[in-house]
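Data block below; observations after.
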Amino acid sequence: MLCTGAGFGSIAAAAEPRIAVSRSPLSLPFFVAKEKNLFAKYRVEPILIECVGGNRCMKELVEGRVDMATSSELPFMFAVFEAAPVSLITTFVTNKDDMRFIVRKSVLQQGGVKSLTGKRVGYVEKASSHYYRDLFLLYHGVDPQSIVPVPMGGEALAAALAKGEVDAISVWEPWGNVALQLGGADVALVDTPRLYSQSFNLMARNDYRVPQARRISAVLGALREAIQFIKKNPEEAKRILARDAGVDSAIVEAMWSTYRFELSLHQSLLTTLQGQARWARREGHVNKALGEPEFLNYIDASLLRKLSAKAVDYVYP
């Protein structure tokens, strides 16, 4: 899972942050900050540790092998239910069109989306893929309990669909485009209104966040400048994205307009987390006896507020 980086000892002894970064187009600000030496400009030298999927990055964080991590809000929501000693520091990109639901045409020919009842649906458990799977099915009038769930890693979904090992997949980009390419004439993307606005966020362990606030602030400064570079130099940013995320240039071009890169902590993040918490309890993904967490206790807006007060627009303590 981890492609670079070494020495996962006690993080308490570390000064420079070890950051688990998802190998995803959503991580572009990190790719740019590294390419343009922006971390050094802000006097911080993070060790960027690649992982496949934000859910795996969050696992590294919760289990104490890294100091910071990138992830969508859903793995963070599950971590909060477990009272993990982590805090969300900032959102750095949002996307309303990153999720894809792709189905084998032979299934659709049986009766459209409703024919997914009893069929095998691949997804990534406790990740945005999981949440979108249920949203999609409910929108189309299919009970999520009526399908055959097939959890697997995000990188395995496209091949599983192409081989007929599953009948449909719920997946994020770029794996959606990969699935369409591998499946060819046998699979189809089901167009659906934008059901879910995904955020990608930076989290930190509390035992690092408190004593190393200066270094986290430096990471935020580098990310902010990287986002400014992306906006001013989109063509070069696309090339960096294609290279560092391992995504075909044509796919990058097709996805580009869906990304909104910005350091922020918006009320919409809290609203999404609260909705996901209700879903997790209702569907039994967490203990139903647990109350809804107070997510504000797990979001630290202080560092972002110092960098840009207008970037924070929710009611905070």
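The values are calculated or read from the model by the stated rules, or taken from the named source; none is laboratory data. Given the structure is predicted, the values throughout are model-derived calculations rather than measurements. Backbone-built Cβ (ideal geometry, glycine too); neighbour counts: all protein chains shown. Surface areas here come from the heavy atoms of the whole protein model, side chains and all, with no ligands, DNA or RNA. Shrake-Rupley method; radii C 1.70, N 1.55, O 1.52, S 1.80 Å.
How about the stretch 266-282: which of its residues are among the hydroxyl-bearing types (Ser, Thr, Tyr) and open to solvent by less than 60 Å² (accessible area, probe 1.4 Å)? Working first, answer last.
Filtering the stretch 266-282 down to residues among the hydroxyl-bearing types (Ser, Thr, Tyr) leaves 268, 271-272.
Of everything in the stretch 266-282, just one residue is among the hydroxyl-bearing types (Ser, Thr, Tyr) and open to solvent by less than 60 Å² (accessible area, probe 1.4 Å), namely Thr272.
A count restricted to the stretch 183-240 and to residues that are part of a loop (DSSP other than H, G, I, E, B), open to solvent by 30 Å² or more (accessible area, probe 1.4 Å), touching a residue at least 12 places away in the same chain (Cβ under 8 Å) and under 30 Å from Arg104 (Cβ atoms) stands at 5.
Considering the stretch 159-182, the residues that are aliphatic (A, V, I, L, M) and open to solvent by 30 Å² or more (accessible area, probe 1.4 Å) include one that is nearest to the chain's Cα centre (by Cα), namely Val178. Whenever a residue of the stretch 34-59 is farther than 16 Å from Ser24 by Cα, its partners that are among the basic types (Lys, Arg) and not in a helix (DSSP H, G or I), lying with C-beta atoms within less than 9 angstrom and at least six residues away or across chains, give the pairs Pro46/Arg18; Ile47/Arg18; Lys59/Arg65. Summed over the stretch 133-180, the residues that are among the polar types (S, T, N, Q) and within 25 Å of Asp248 (Cβ to Cβ) give a count of 2. Restricting attention to the stretch 283-310, the residues that are farther than 28 Å from Asp134 by Cβ, open to solvent by less than 10 Å² (accessible area, probe 1.4 Å) and not in a loop (DSSP other than H, G, I, E, B) add up to 1.
Number of residues in the stretch 196-243 that are β-branched (Val, Ile, Thr) and over 22 Å from the mean Cα position of the chain (by Cα) equals 1.
Could you tell me how many of the residues in the stretch 159-182 are modelled with pLDDT under 95 and assigned to a helix (DSSP H, G or I)? Qualifying residue count for the region: 8. Apart from one condition, Val107 fits all of (1) in contact (Cβ under 8 Å) with a residue 40 or more places away in the chain; (2) in contact with a Cys (Cβ under 8 Å, 6 or more places away or on another chain); the exception is (2).
Counting only strands (runs of 3 or more DSSP E) that fall entirely inside the stretch 36-131 and contain at least 1 residues that are under 16 Å from the mean Cα position of the chain (by Cα) and either among the acidic types (Asp, Glu) or over 29 Å from Gly164 (Cα atoms) (or both), the qualifying elements are 47-51, 68-72, 86-95.
The residues listed here are Ala6, Ala33; of these, the one that is outside any strand (DSSP E or B), at pLDDT 95 or above, of a type outside the set (S, T, N, Q) and out of contact with any Ser or Thr (no Cβ under 9 Å at 6 or more places or on another chain) is Ala33.
Being open to solvent by 10 Å² or more (accessible area, probe 1.4 Å), at pLDDT below 95, touching a helix residue (DSSP H, G or I) at 6+ places or on another chain (Cβ under 8 Å) and not hydrophobic (A, V, I, L, M, F, W, C) is not true of Asn95.
What residue, of Ala280, Ala237, is over 29 Å from Leu135 (Cβ atoms) and among the hydrophobic types (A, V, I, L, M, F, W, C)? Don't jump to the end; show me each part of the working.
Values: Ala280 fails: over 29 Å from Leu135 (Cβ atoms).
Criteria check complete, one pass: Ala237.
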